[in-house]
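To start, the structure itself, in structure tokens.
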Amino acid sequence: MAPDLETGAAVQGAGPGGAAATVLVLNGPNLSRLGTREPEIYGTATLADVAATCADAGDALGLAVDVRQTDDEAELIAWIHQAADGRLPVVLNPAAFTHYSYALRDALAMRTAPLVEVHLSNPAARETFRHNSVVAGVADGTVAGFGLLSYVLALRAVAALLARRA
Ligand code: DHK
């Protein structure tokens, strides 16, 4: 599935007849600025590069991916609700919401499918306010510190979790 950075077009869950599961790859605030945002920390890859990398990884894993980004906490939470209602797995880079959004955590606690938290950088090696994730406790696991590879590894984890549940 072509990545949809704007609206999140209709998504498709793992359906009868072996349809590919769709994974929502959700990105929080300031991640639209990748490429120019603190490249010494986040690298030079853009959000479009993230989307292309996820699409390629999804193809290899037999997963459709739907990549989205928002700076808006309410929009991100609406997407999490959509995932819960559609039983869609989620790879989530909550960006700064990671560290303080209890509203996001509460939404994620309603999840009905695998959830992997992902970060480009390694927050544990950065400022102390980044050391705590309020999301981690409701995720299956976290991948951090590997740049674009973090997303690929997270998608591999989702594929493994889906296979385990099948
Ligand atoms: C991205 C952000 O925007 C930060 O607020 C997080 C995360 C780290 C990342 O590494 O992808 O602290």
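The values are calculated or read from the model by the stated rules, or taken from the named source; none is laboratory data. On a predicted model such as this, the values are computed, not experimentally measured, just so you know. Here the Cβ positions follow ideal geometry from the backbone for every residue, glycine too, while neighbour counts run over all protein chains shown. Surface accessibility is based on the protein's heavy atoms, side chains included, excluding ligands, DNA and RNA. Shrake-Rupley method; radii C 1.70, N 1.55, O 1.52, S 1.80 Å.
Take the residues in segment 34-52 that are in a helix (DSSP H, G or I) and within 14 Å of the ligand (Cβ to nearest atom); name whichever of them is least open to solvent (accessible area, probe 1.4 Å).
The qualifying residue least open to solvent (accessible area, probe 1.4 Å) is Val50.
Please go through (1) more than 16 Å from the ligand (Cβ to nearest atom); (2) outside any loop (DSSP other than H, G, I, E, B); (3) in contact with a His (Cβ under 8 Å, 6 or more places away or on another chain) for Met110 and return the number of the only condition it doesn't satisfy.
Here Met110 meets the rest and fails (2).
Which one of these does Ala78 not meet: (1) open to solvent by 20 Å² or more (accessible area, probe 1.4 Å); (2) without any contact (Cβ under 8 Å) to a residue 60 or more places away in the chain; (3) within 16 Å of the ligand (Cβ to nearest atom); (4) not hydroxyl-bearing (Ser, Thr, Tyr)?
Result: Ala78 passes all but (3).
Does Thr142 count as of a type in the set (S, T, N, Q) and in a loop (DSSP other than H, G, I, E, B)?
no
Look at Val65 and say whether it is surrounded by 20 or more Cβ atoms within 10 Å (Cβ to Cβ), within 16 Å of the ligand (Cβ to nearest atom), at pLDDT 95 or above and within 12 Å of the chain's Cα centre (by Cα). Show your work before the answer.
Working: surrounded by 20 or more Cβ atoms within 10 Å (Cβ to Cβ): yes; within 16 Å of the ligand (Cβ to nearest atom): no; at pLDDT 95 or above: yes; within 12 Å of the chain's Cα centre (by Cα): yes.
No: the conditions fail for Val65.
Taking the options Val91, Val134, Val116, name whichever one is within 14 Å of the ligand (Cβ to nearest atom), open to solvent by less than 30 Å² (accessible area, probe 1.4 Å) and assigned to a loop (DSSP other than H, G, I, E, B).
Val134
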